[in-house]
Amino acid sequence: MKLSIVIPAYNEKNTIKEIIRRVRITPFDKEIIIVDDFSDDGTCELLRDMEQETDLKIFYHTKNMGKGAALRTGFKNVTGDIVIVQDADLEYDPSEYENLIEPIRENKADVVYGSRFMGGPRRVLYFWHTVGNRMLTLFSNMMTNMNLTDMETCYKVFRREVIQKISIKSNRFGVEPEITAKISRLGVRLYEIPISYDGRRYSEGKKIDWKDGITAFYTIIKFRFFD
């Protein structure tokens with residue numbers, strides 16, 4: 001069973017090589033698809049130096065459009081049986097792929113979310129971020145009639161035929177509730193697995209902020225009633 005790991009990247013010069021290394025050492029047949037979203041900190045130049053490495057497929061946006069746009073590009077180019085979203089920072093640990101794909105390999109699930117709120121180890125950081133995540137997840141659950149604990153998680157894992165049925169319209173972080181809303185409509189089998197989480201501070205490169213939270217509420221409503 002082949003994995004496609006899709007890595008959206010924007011201004012991750014300090015972590016991009018290390019996350020590629022960590023993904024590479026996972027014991028799976030895989031392809032690594034990196035989408036640079038018009039980085040201006042040197043990430044793009046680092047990736048261009050790696051273009052000859054045959055296990056990498058690297059795509060470049062000609063303007064900055066956001067995580068959703070990067071995932072849209074990545075998902076169009078996957079060829080594996082299972083597709084995993086991997087952020088380019090070091091907040092999520094690729095050593096957990098085995099647990100994440102197990103429900104799909106055992107034919108119990110078509111989609112798996114890795115939850116930061118199911119008891120795995122995590123770095124202690126921002127109280128209001130946790131509150132915001134839980135509120136967004138609750139609101140998403142109300143609109144989709146699901147009982148997720150972490151809708152906003154990066155670790156979303158799909159059978160390829162499932163994610164390629166979804167037309168992603170959100171360009172930024174609204175992609176998380178959009179995917180969740182559209183997954184709920186497909187009636188596929190969805191599992192959650194506890195994961196660890198080594199979050200970053202803003203001084204360390206964290207990008208999502210309160211404005212993205214407001215947009216996420218709008219996105220949940222939009223894709224429940226108007227799309």
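FYI, it's all coordinate maths here, none of it is from the lab. This one's a predicted model, so the numbers in the text were calculated from it and none came from an experiment. FYI the Cβ positions are ideal-geometry reconstructions off the backbone, even for glycines, and counts take in every protein chain you see.
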What is the magnitude of the charge dipole of segment 1-81 about its Cα centre, with +1 placed on the Cβ of each Lys and Arg, -1 on the Cβ of each Asp and Glu, and no other charges, expressed in debye to the nearest 20? 260 debye
What list of ³J(HN,Hα) couplings, whole Hz, do you get for segment 50-60 from phi and the Karplus terms 6.51, -1.76, 1.60, once you set θ to phi - 60° and write x for glycine and proline? 9, 5, 7, 7, 5, 8, 10, 10, 10, 10, 10
Given the candidates Phe117, Gly42, Met1, the one whose Cα lies deepest towards the positive end of the charge dipole of the chain, counting +1 at each Lys or Arg C-beta and -1 at each Asp or Glu C-beta, is Phe117
Under the Karplus curve 6.51 cos²θ - 1.76 cosθ + 1.60, θ = phi - 60°, whole-Hz ³J(HN,Hα) for segment 183-198, x wherever Gly or Pro sits: 4, 4, 6, 6, x, 7, 7, 10, 10, 10, 10, x, 10, 7, 8, 10
Whole-Hz Karplus couplings 3J(HN,Hα) for segment 18-32, θ = phi - 60° and coefficients 6.51, -1.76, 1.60, Gly and Pro as x, run 5, 5, 4, 4, 5, 5, 4, 7, 5, x, 9, 5, 7, 10, 10
May I ask you to list the lysines whose Cα is less than 24 Å away from that of Lys17, ignoring any residue fewer than eight positions away on the same chain? Lys2, Lys30, Lys57, Lys63, Lys67, Lys76, Lys156, Lys206, Lys207
Relative to the present Cα-Cα distance, how much length would full extension add between Ser196 and Lys17 at 0.36 nm per residue of separation? 62.4 nm
Please report Rg (one decimal) and Dmax (integer) in Å for the Cα set of segment 3-225. 16.3, 47
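Dipole size in debye (nearest 20) for the chain around its Cα centre, Lys and Arg Cβ +1, Asp and Glu Cβ -1? Present the calculation step by step, with values, prior to reporting the outcome.
Values: 35 positive and 34 negative charges, 147 e Å.
Computed about the Cα centre, the dipole is about 700 debye.
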Backbone N under 20 Å from the Phe59 label point (7 Å along Cα→Cβ), restricted to segment 28-42: 30-40
Determine the percent antiparallel among the DSSP beta bridges restricted to segment 3-225, to the nearest 5. 20 percent
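Helix-only mean residue ellipticity at 222 nm, the chain, DSSP H runs n ≥ 4 weighted -39,500 (n - 2.57), per residue, nearest 500. What is it? Don't skip to the end; give the middle numbers.
Details: 8 runs with 84 residues, N = 227.
When only DSSP H runs of four or more count, the value is -11000 deg cm²/dmol.
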Counting only residues 5 or more apart in sequence or on a different chain, those whose built amide H sits under 5 Å from that of Glu31 are Leu3, Ser4, Ile5
Positive-end residue of Ser167, Asn14, Phe127, charge dipole of segment 3-225 with Cβ unit charges: Ser167
